[in-house]
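The values are calculated or read from the model by the stated rules, or taken from the named source; none is laboratory data. Just so it is clear, the structure is predicted and the values come from calculations on it, not from any experiment. When we count neighbours, we look across all protein chains shown, and the Cβ atoms used for this are built from the backbone with ideal geometry, even at glycine.
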Amino acid sequence: MTRPLSVAVAGLGTVGAGLLVLLRQNAELIAARAGRPIVVTAVSARDRGRDRGVPLEGLRWYDDPVAMAAEAPADVVVELIGGSAGPARATVEAALGARRPVVTANKALLALHGVALAAQAEAAGVPLAYEAAVAGGIPAIKALREGLAANRIDRVTGILNGTCNYILTCMQAERQGAGREFADVLAEAQKLGYAEADPSFDVDGIDAAHKLAILAALAFGRPVAFEAVHVEGIRGVSALDISLARELGYRIKLLGIAERAEGGIATRVHPCMVPVDHPIAKVDGVFNAVVAEGDFVGRVVLEGRGAGAGPTASAVAADLIDIARGRHTPVWGASTLSAAPAQPMSAHRGAYYLRLMVLDRPGVIADVTGVLRDHGVSLESMIQRGRAPGEAVPVVLTTHDCQESAMRAALQRIVALEAVLEPPALIRIETF
């Protein structure tokens, strides 16, 4: 075997410590597959005295990760600090400035600064690898960039956030004949460690949008463009919506969808009603899934754990093995990137689920359907449960395909109706 590949690791949290364990525990197997040993020689973290459950003896310690990236005697720098700016970005820039390959699990950094970092890596002639940035242990990046490289990709769909998928799965499970509300399940997820104390990045869809921006760049050979992603979270999904979706033959999932459209590339993250027989509807709990659709391969479904020490460390190690082998592919999968424009959400065309809380009195449904008719929105079905004259009742409408802009214009008028008592719940129906 040739000289070992030496690695400097910035960040010794759950994933960083997991990487050290993996590289040591599977050292012989990794060396055989990489063609040479891969060894960590330097590390950097905020607290030198913290017990991380893994011995650090014999490793060179740096208090400053940026200095380590620039100066440590290492062949590769692994960035596991996290965050879209600050030390994480400075560490990656310092490593690339020193012409060192970089492996990162930092989806926010790539989603917001991927264009500049890719240009720096390509100018330096070194890899910038990020398998662990999307869907944890699922090899989604390799699948799009390498395995499906000969295909024209038309759509990529993903369950990209395990916290949201766990919450929606628990809301789906009935207890004593009734579903559970979002706030109740979120509190439980926080106690179990599946959700952060401040869960906004997860439940508001931002984390999934970071990952979708990366997948879209790979799938369509274009610069990463987080600002073009339409983002909605799951706070507005209720137990009633979950129950009604089941009745209609759907399950509600937070999906990231990137697809070719007439006006360019559409990228969106929002709750969706998915047919119960679609593979992605069956992905539950903290699991992630990525579904790619290519012109020659057809539909490819990847499923697995999207976070955690083991799965994410596995993805980081896969990038290190590629670097040890001398494999170097373009950051975004193509040497020349497409200039395809982003399609605005207003141009989206699809079917919709609309739930209203209205006063039960004559003429209300006629008023609502009249507004929809005026905006060219055609109804497919309507559900109204029971009668309660003068009281609030839920009314559910599903539509045929229509323009997002038309639906939004209709909603503005519907909200203003006297008999509509609260903002409507709108969930897009994806039939694929």
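Looking at the range 28-49 only, could you name the residues that are touching a residue at least 12 places away in the same chain (Cβ under 8 Å) and outside any strand (DSSP E or B)? Give the steps one after another, and end with the answer.
Residues of the range 28-49 that are touching a residue at least 12 places away in the same chain (Cβ under 8 Å), as a first pass: 30-31, 33-45, 48.
ILE30, ALA31, ARG33, ALA34, GLY35, ARG36, PRO37, ALA45, ARG48 - these are the residues of the range 28-49 that are touching a residue at least 12 places away in the same chain (Cβ under 8 Å) and outside any strand (DSSP E or B).
Let me confirm something: among PRO73, PRO101, which residue is under 25 Å from ALA124 (Cβ atoms) and modelled with pLDDT under 95?
Selected residue: PRO73, the only one of PRO73, PRO101 that is under 25 Å from ALA124 (Cβ atoms) and modelled with pLDDT under 95.
Of a type in the set (Phe, Trp, Tyr), assigned by TED's automatic domain parsing to the domain that holds THR163 and under 14 Å from ASN165 (Cβ atoms), is that true of PHE287?
Yes.
Can you pull out the residues in the range 329-364 that are touching a Leu at 6+ places or on another chain (Cβ under 9 Å) and either over 30 Å from ASP319 (Cβ atoms) or assigned to a strand (DSSP E or B) (or both)?
Result: TYR352, TYR353, LEU354, ARG355, LEU356, MET357, VAL358, LEU359, VAL364.
Does the range 1-12 include one or more residues that are buried (at least 20 other Cβ atoms within 10 Å of the Cβ) and part of a helix (DSSP H, G or I)?
no
Within the range 2-19, identify whether any single residue is aliphatic (A, V, I, L, M) and without any contact (Cβ under 8 Å) to a residue 40 or more places away in the chain, and answer yes or no. Even if it seems obvious, please write down each step before you answer.
Initially, the range 2-19 is screened for residues aliphatic (A, V, I, L, M), giving 5, 7-10, 12, 15, 17, 19.
Okay, now just the ones that are also without any contact (Cβ under 8 Å) to a residue 40 or more places away in the chain, so none.
No.
Would you say LYS107 is over 20 Å from ALA225 (Cβ atoms) and either in contact with a helix residue (DSSP H, G or I) (Cβ under 7 Å, 6 or more places away or on another chain) or buried (at least 24 other Cβ atoms within 10 Å of the Cβ) (or both)?
no
Which residues, taken from the range 419-432, are in contact (Cβ under 8 Å) with a residue 24 or more places away in the chain, closer than 26 Å to ASP360 by Cβ and not β-branched (Val, Ile, Thr)?
Result: ALA419, LEU421, GLU422, PRO424, ALA425, LEU426.
Considering (1) within 27 Å of THR267 (Cα to Cα); (2) in contact with a Pro (Cβ under 9 Å, 6 or more places away or on another chain); (3) surrounded by fewer than 24 Cβ atoms within 10 Å (Cβ to Cβ), say which one ALA116 fails and leave the rest.
Looking at each condition in turn, ALA116 falls short on (2).
Say we look at the range 101-121 and pick out the residues that are touching a residue at least 40 places away in the same chain (Cβ under 8 Å) and not in a helix (DSSP H, G or I); which of these is nearest to ASN161 (Cα to Cα)?
Checking each candidate, the answer is ALA105.
Could you count how many residues in the range 373-410 are touching a residue at least 40 places away in the same chain (Cβ under 8 Å) and part of a helix (DSSP H, G or I)?
Total meeting the criteria: 4.
Go through the range 39-74 and report how many residues are over 30 Å from the mean Cα position of the chain (by Cα) and of a type in the set (Lys, Arg).
3
Return the residues of the range 365-375 that are surrounded by 14 or more Cβ atoms within 10 Å (Cβ to Cβ) and either among the charged types (D, E, K, R) or in contact with a helix residue (DSSP H, G or I) (Cβ under 7 Å, 6 or more places away or on another chain) (or both); say none if nothing qualifies.
ASP367, VAL368, VAL371, LEU372, HIS375
Of the residues GLY158, GLY136, only one is crowded, with 19+ Cβ neighbours inside 10 Å and over 21 Å from CYS272 (Cα atoms); which?
On the way: GLY158 fails: over 21 Å from CYS272 (Cα atoms).
Just a single option satisfies the conditions, and that option is GLY136.
State yes or no: is VAL92 buried (at least 20 other Cβ atoms within 10 Å of the Cβ), outside any loop (DSSP other than H, G, I, E, B), β-branched (Val, Ile, Thr) and touching a residue at least 24 places away in the same chain (Cβ under 8 Å)?
Spelling it out, VAL92 is indeed buried (at least 20 other Cβ atoms within 10 Å of the Cβ), outside any loop (DSSP other than H, G, I, E, B), β-branched (Val, Ile, Thr) and touching a residue at least 24 places away in the same chain (Cβ under 8 Å).
Here is a yes/no grid of residues against (1) farther than 23 Å from GLY233 by Cβ; (2) buried (at least 19 other Cβ atoms within 10 Å of the Cβ); (3) not assigned by TED's automatic domain parsing to the domain that holds VAL364:
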site: VAL377; (1), (2), (3): yes, yes, no
site: PRO394; (1), (2), (3): no, no, no
site: ASP401; (1), (2), (3): yes, no, no
site: GLU422; (1), (2), (3): no, no, no
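Restricting to the range 331-364, and then to whatever is among the hydrophobic types (A, V, I, L, M, F, W, C), at pLDDT below 90 and surrounded by fewer than 16 Cβ atoms within 10 Å (Cβ to Cβ), can you tell me which residue is farthest from CYS272 (Cα to Cα)?
Selected residue: ALA339.
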